[in-house]
Amino acid sequence: MKGASLPGVLTAGALVALAGCTSNETTADNAIAVTSSDTACEVSSGQAPSGTLTFNVTNAGAQVTEFYLLAEDGLRILGEVENIGPGLRRDLVLAVPPGKYLTACKPGMTGDGIRAEFTITDSGADLAATGQFAEQIQQAADTYAFYVKDQAEQLVADTDDFVEAYLAGDDDRARALYAPTRMHWERIEPVAESFGDLDPKLDLREADLEEGQDWTGWHRIEKDLWPPVDYRPMSPAQRQKISKLLVADTATLLSRVADQTYRADQLGNGAKELLDEVATGKVTGEEEAWSHTDLWDFQANVDGARVAFDALAPVVQGKDPELAQMLESRFDDVQAALDQHRKGDGFVLYTDLSPNQVKRLAASVDALAEPLSQLTATVVT
Amino acid sequence: MSAVSRRRFLGLIGAGAATAAVGATAAVAVSRDQADALADAVPFFGSHQAGILTPAQDRLHFAAFDLTTERRDDVIRMLRAWTDAAAAMTAGLEVGEFGATAGPYDAPPQDTGEALGLPPSGLTVTIGFGRSLFTDSSGGDRFGLAGHLPAGLIELPTFPGDTLDPARTGGDIYVQACANDPQVAVHAVRNLARLGFGTATVRWSQLGFGRTSSTSAAQATPRNLFGFKDGTANVKAEDPDANTSVWVQPADGPQWMVGGTFGVARRIRMTIETWDRTSLREQEAIFGRTKVDGAPLSGGDEFTEPDFGAMGRDDVPLIAMDSHMRLAHPSRHGGVRMLRRGYNYTDGSDGLGRLDAGLFFLAYQRDVRTSFLPVQQMLARSDTLNEYIRHTGSAVFAVPPGVAEGGYIGQALFEA
Ligand code: HEM
């Protein structure tokens, strides 16, 4: 497959098409070769026409290096590739409007780097001013941070209600609260997962247990509320203990997200991860092995992904309007597919779905997940 | 039409032991027309079974058998028949005295025939014994072999995330048939299964369409279905520690296993759809190597030793702490190495509009307890790759040493 590239794939748009050609074996026609050694930064050309540019950066030195494209002031970073080990090669792909810039290699990752002037001539390509997006991205990050905090707060409050019912032995009420409460968790799952320790404490499935590992969190309680045959119910003391942990770990989550900030790539990747969760855990019915309330989680994952996308939408709109439009309509399709299985305030159980219905849901998820995986690159490039 | 002439030739001479050598020479002579070493025969007899430290072929048919007999002699008879058939097929010859197209006109042909005209294609047939050959589930002695159960032939624990399908797990006897032509590999398993009827039945089997490892420095490193070079740091036949990493040594015991090895098979489904949506950055971070040429992210080329201490920006390791390579590296496991010999597979789709595809992982080692087991324990716990894989089948088996002409595979065990 050397040299071959599939332009466009499903998501059209010049930017995505070019991103498809960035295999290190291939060199895009307009690629600029950069060789970074310990003492020099050779750039094959001092200028290029405006549009989407690819820098093929090769580290010919003995130290780890980085490469930057900087604004004329030498401060503002338009794009960068970091952590290029000796002998390795990495691409920087970015869309640049006409103007004066600086290239910089930074062998050893310290200092200002080895800089040179770089000019982008006007090719007539339609590109938004670079400054425009920075503000929109900041806004998106703020919106998302607020959303995560809000969901965490609701999770704390609803978990309290849930635990109250569970400890009072009001299992019917606990069962009714289980799925709606978990939705707050599922909406922000990638953030919770990023803390590493909290996710296994709160959301570990029985199948993922290690021999000898303590099983805590939602799914432990799930099994107690929807007991399989031959199951030994938890004693009141055990319920007390597991509930206390659930409340404490949820409180920790809230405190951690309280002043968490996010970058654009975290929003984009988070949205993609939520759809991956749906694709591998929910649409397969694996997540809620006992309660079968997978469609609640499904909805919550989609909610969380949609919020991240909506927050970034103005940026995507500016950079790749076709992608923005496609994501918009595919989100709507998934929602429409899901809405068919609504029942009361919630959804039917996973076990009530026919194989064909599951297959249709899976298809709508995959249809959205594929273009959604382009979100990060579109926003950060 | 060299293929046709070979078919006739073999059909005429049959496949008796005396003519076997002639047939093999002829086969080689004919296949030279295609000038392709991939067509050559790999010797079957020897102190080790072929198909382990011999160069990994392109195709796999792996089969697990359950014994249906309760008689020890039946098992021995089948192993003899399998040994003879395997010796013939690996030499590019037909199974049985009359082969595929000769013999009594009213009798079904002895060889099933689909490999007629095909060269030996590097076929190897490797036979291994599961724990259940020695003892049944309640510890009972099935064939008078319980006393010879190697301590290393363990039952694997349940690893976190395991979703093993009982219909793809376990078995009494295993056959690994590898060849450079899929038809030749399938032909081998099919004919052994046929010879086994009444003694053994196929419990499950797995096709692999592309090798994911190299076992010789002369071979180029192939790619797995994640698109990464697989087999770079594998045990290669040329390595000074190859023999002691793979073969059971006299001091290890039991005596009948010396010169043999322990195999592990894991059918690992890949969720390739979600993988394909993952950024190149994340893909490389997961393995700790570059996708283009498999170089460690600490720098160099494919065969440069990884530098796990190399730091990138903000003193974050260039090779992530939870990357597959770092966790699996011998430096984390007392220097112990295993020989990987896996294959890519696809088995249709999963009913959700996605391919059932992945890696049929095969590893051979002197002791599972110090290599596969601790490595998989660490991987199952911490490997970032876990998000994209699921273990769906499993087998552990003792591969006895090879035999000389006239012997049969497993003879040392049954005569121990
Ligand atoms: C689908 C599952 C897997 C994939 C895609 C995979 C892929 C890879 C790749 C790309 C490498 C780096 C190149 C190389 O040295 O071969 C590697 C190395 C390795 N893998 Fe895996 N692997 C998988 C499962 C496993 C399992 C289950 C084990 C054993 C328990 C394992 C053990 C190893 C070892 C020992 C190395 C060599 C590490 C070193 O010495 O640098 N892998 N694997």
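The values are calculated or read from the model by the stated rules, or taken from the named source; none is laboratory data. Small disclaimer: the values here were computed from a predicted structure and weren't measured. Because the Cβ atoms are built from the backbone with ideal geometry, glycine has one as well, and the counts that use them run over all protein chains shown.
Some points to look at:
- Some residue of the stretch B:195-208 being modelled with pLDDT of 95 or more, within 18 Å of the chain's Cα centre (by Cα) and under 24 Å from residue B:367 (Cβ atoms): no
- Test: residue in the stretch B:294-304 that is at pLDDT below 95, within 14 Å of chain A (Cβ to nearest Cβ) and either more than 10 Å from the ligand (Cβ to nearest atom) or surrounded by 15 or more Cβ atoms within 10 Å (Cβ to Cβ) (or both): no
- Residues in the stretch B:134-171 that are hydrophobic (A, V, I, L, M, F, W, C) and assigned to a loop (DSSP other than H, G, I, E, B): B:143, B:145, B:149, B:151, B:153, B:154, B:156, B:159, B:164.
- Any chance residue B:313 is free of Cβ contacts under 8 Å to residues at least 60 places away in the same chain, more than 14 Å from the ligand (Cβ to nearest atom), of a type outside the set (Gly, Ala, Ser) and surrounded by fewer than 22 Cβ atoms within 10 Å (Cβ to Cβ): yes
- In the stretch B:219-259, of all residues being free of Cβ contacts under 8 Å to residues at least 40 places away in the same chain and among the basic types (Lys, Arg), the one that is surrounded by the most Cβ atoms within 10 Å (Cβ to Cβ) corresponds to B:236.
- For the stretch B:198-214, the candidate set comprises residues that are assigned to a loop (DSSP other than H, G, I, E, B) and touching a helix residue (DSSP H, G or I) at 6+ places or on another chain (Cβ under 9 Å); within that set, the residue that is farthest from the ligand (Cβ to nearest atom) is B:198.
- Output for the stretch B:316-356, where each listed residue is among the polar types (S, T, N, Q) and within 13 Å of the ligand (Cβ to nearest atom): B:323, B:331, B:344
- Of note, residue B:388 satisfies the criterion of being within 11 Å of another protein chain (Cβ to nearest Cβ), within 14 Å of the ligand (Cβ to nearest atom) and aromatic (Phe, Trp, Tyr).
- Scope the stretch B:296-337; condition of a type in the set (A, V, I, L, M, F, W, C) and in a loop (DSSP other than H, G, I, E, B); matching residues: B:297, B:303, B:308, B:310, B:316, B:318, B:319, B:320, B:321, B:336
- Exclusive hit being modelled with pLDDT of 95 or more and closer than 17 Å to residue B:91 by Cα, set B:150, B:182: B:182
- Residue that is nearest to residue A:229 (Cα to Cα) [pool: residues in the stretch A:270-296 that are among the charged types (D, E, K, R) and away from chain B (no Cβ under 11 Å)]: A:288
- Top-ranked residue in the stretch B:358-367 [being within 13 Å of the ligand (Cβ to nearest atom) and more than 14 Å from chain A (Cβ to nearest Cβ); ranked as surrounded by the most Cβ atoms within 10 Å (Cβ to Cβ)]: B:364
- Answer from B:138, B:216 - the residue that is surrounded by fewer than 20 Cβ atoms within 10 Å (Cβ to Cβ) and touching an Asp or Glu at 6+ places or on another chain (Cβ under 8 Å): B:216
- Residue B:351 being of a type outside the set (A, V, I, L, M) and either more than 12 Å from chain A (Cβ to nearest Cβ) or under 28 Å from residue A:275 (Cβ atoms) (or both): yes
- Scan the stretch B:225-245 for residues that are on the phi > 0 side of the Ramachandran plot and either away from the ligand (no atom under 11 Å from the Cβ) or away from every other protein chain (no Cβ under 14 Å) (or both) and the total you get is 1.
- Counting only helices (runs of 4 or more DSSP H) that fall entirely inside the stretch A:108-203 and contain at least 2 residues that are in contact with a Pro (Cβ under 8 Å, 6 or more places away or on another chain) and in contact (Cβ under 8 Å) with a residue 60 or more places away in the chain, the qualifying elements are A:130-167.
- Subset of the stretch B:282-293 (residues that are crowded, with 20+ Cβ neighbours inside 10 Å and within 7 Å of chain A (Cβ to nearest Cβ)): B:290
- Residues that are part of a loop (DSSP other than H, G, I, E, B), over 30 Å from residue B:175 (Cα atoms) and within 14 Å of chain A (Cβ to nearest Cβ) do not occur anywhere in the stretch B:252-274.
- Just one residue in the set B:323, B:331, B:279 is crowded, with 20+ Cβ neighbours inside 10 Å and among the polar types (S, T, N, Q); that residue is B:323.
- Residue check for residue B:338: facing chain A (nearest Cβ under 10 Å) and not polar (S, T, N, Q): no
- Residue match in the stretch B:395-403 (condition: over 18 Å from the mean Cα position of the chain (by Cα), surrounded by 17 or more Cβ atoms within 10 Å (Cβ to Cβ) and more than 12 Å from the ligand (Cβ to nearest atom)): yes
- Of all the criteria given as (1) buried (at least 18 other Cβ atoms within 10 Å of the Cβ); (2) within 30 Å of residue A:55 (Cβ to Cβ), the one not satisfied by residue A:305 is (2).
- Pair list, Cβ < 9 Å and 6+ apart or interchain, from the stretch A:35-48 residues that are without any contact (Cβ under 8 Å) to a residue 60 or more places away in the chain to residues that are of a type in the set (Phe, Trp, Tyr): A:45/A:118
- If the condition is being without any contact (Cβ under 8 Å) to a residue 60 or more places away in the chain and among the hydrophobic types (A, V, I, L, M, F, W, C), then the stretch B:95-150 contributes B:107, B:134, B:146, B:149.
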